[in-house]
Amino acid sequence: MPRRTVILFAAAVCGMALALALITVMVVGARDRAGTAGAGSAGTSYVAASEDQPLVGGPFTLTDQNGRPVTEAMLEGRWSLVFFGFTFCPDYCPTTLAMLEATRRELGDQGKDLQFVFITVDPGRDGPAEMKAYLDSEGFPPGVVGLTGTPEQIAAAAKAYAVVYEKVGEGEAYTMNHSLAIWLMGPDGRSRVSLNHQQGPEAAARMIRAVRARG
């Protein structure tokens, strides 16, 4: 191969390698941003409205496990922890519910008025009756409010809370991927901070106490 051709070929290969590297960085960066903005991937927590983190929450119309319609007004007047999941969830959702109950105990008197709100991302399987049966299961904390709705209502609520979810698989054995954040909402219905189930009850309780002290 003539020397000029070799040089041109080598330059082309280097150019392609550089382009692939740039594409890889862009894809990984976008994926990482989605994992964070999608609300608190496991192991991450942050204060709402801090740098690069918008406030979450907003209007929603859903149905609780007793068949009653509810709106975002249910968050007003008390502190709440809001998270998304589904009743067929094999690990994260049961673990989160157990962690929340342990956090409430860790908080002592401050935990008595803390409201837990569990919103399904699987409305096709999680109707009010299914949510009620799941949340009434032995070992789960008492008083959890389970919310479901039409696919459109769930999508609107998820968007308000920066939650990303998707159906994985086909048939009855499908599962759901979803964001993992637990949002602490103030009595004014506005978000304060995101928690995650890997923090443990002691760390979560410390964070909640600090946020409540600020109001």
Residues in the stretch 142-162 that are open to solvent by 20 Å² or more (accessible area, probe 1.4 Å) and within 10 Å of the chain's Cα centre (by Cα) total 1
How many of the residues in the stretch 91-108 are surrounded by 20 or more Cβ atoms within 10 Å (Cβ to Cβ), in contact with a Phe, Trp or Tyr (Cβ under 9 Å, 6 or more places away or on another chain) and among the aliphatic types (A, V, I, L, M)?
-> 2
How many residues are within 30 Å of residue 172 (Cβ to Cβ) and surrounded by 13 or more Cβ atoms within 10 Å (Cβ to Cβ) if we restrict to the stretch 55-90?
-> 15
Return only the number of the condition from (1) in a loop (DSSP other than H, G, I, E, B); (2) at pLDDT 50 or above that residue 40 does not satisfy.
-> (2)
In the stretch 50-71, what residues are β-branched (Val, Ile, Thr) and at pLDDT 95 or above?
-> 61, 63, 70, 71
Residues located in the stretch 113-141, provided they are over 17 Å from the mean Cα position of the chain (by Cα), crowded, with 17+ Cβ neighbours inside 10 Å and either within 17 Å of residue 190 (Cα to Cα) or of a type in the set (A, V, I, L, M) (or both) = 114, 131, 135
Can you pull out the residues in the stretch 194-208 that are under 17 Å from residue 101 (Cβ atoms) and open to solvent by less than 90 Å² (accessible area, probe 1.4 Å)?
-> 195, 196, 197, 199, 200, 201, 203, 204, 205, 207, 208
Which of the residues spanning the stretch 169-195 are part of a loop (DSSP other than H, G, I, E, B), free of Cβ contacts under 8 Å to residues at least 40 places away in the same chain and within 18 Å of residue 120 (Cα to Cα)?
-> 169, 174
Entirely in the stretch 74-148, the strands (runs of 3 or more DSSP E) that have 1 or more residues that are in contact with a His (Cβ under 7 Å, 6 or more places away or on another chain) = 80-85
Residue pairs meeting the criteria (Cβ under 8 Å; at least 6 apart or on separate chains; first within 13 Å of residue 143 (Cβ to Cβ), in the stretch 95-107; second small (Gly, Ala, Ser)) = 104/111
Flagged in the stretch 196-215 as more than 24 Å from residue 58 (Cα to Cα), part of a loop (DSSP other than H, G, I, E, B) and in contact with a helix residue (DSSP H, G or I) (Cβ under 8 Å, 6 or more places away or on another chain), in numbering order, are 199, 200
Exactly one condition in (1) aromatic (Phe, Trp, Tyr); (2) open to solvent by less than 40 Å² (accessible area, probe 1.4 Å); (3) farther than 16 Å from residue 75 by Cβ is not met by residue 165; state its number.
-> (2)
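The values are calculated or read from the model by the stated rules, or taken from the named source; none is laboratory data. Being a predicted model, the structure only gives us computed values, none of them experimental. Neighbour counts are summed over all protein chains in view; Cβ atoms, including those assigned to glycine, are modelled from backbone coordinates with ideal geometry. In case anyone asks, the SASA skips ligands and DNA or RNA and just uses the protein heavy atoms, side chains included. Shrake-Rupley method; radii C 1.70, N 1.55, O 1.52, S 1.80 Å.
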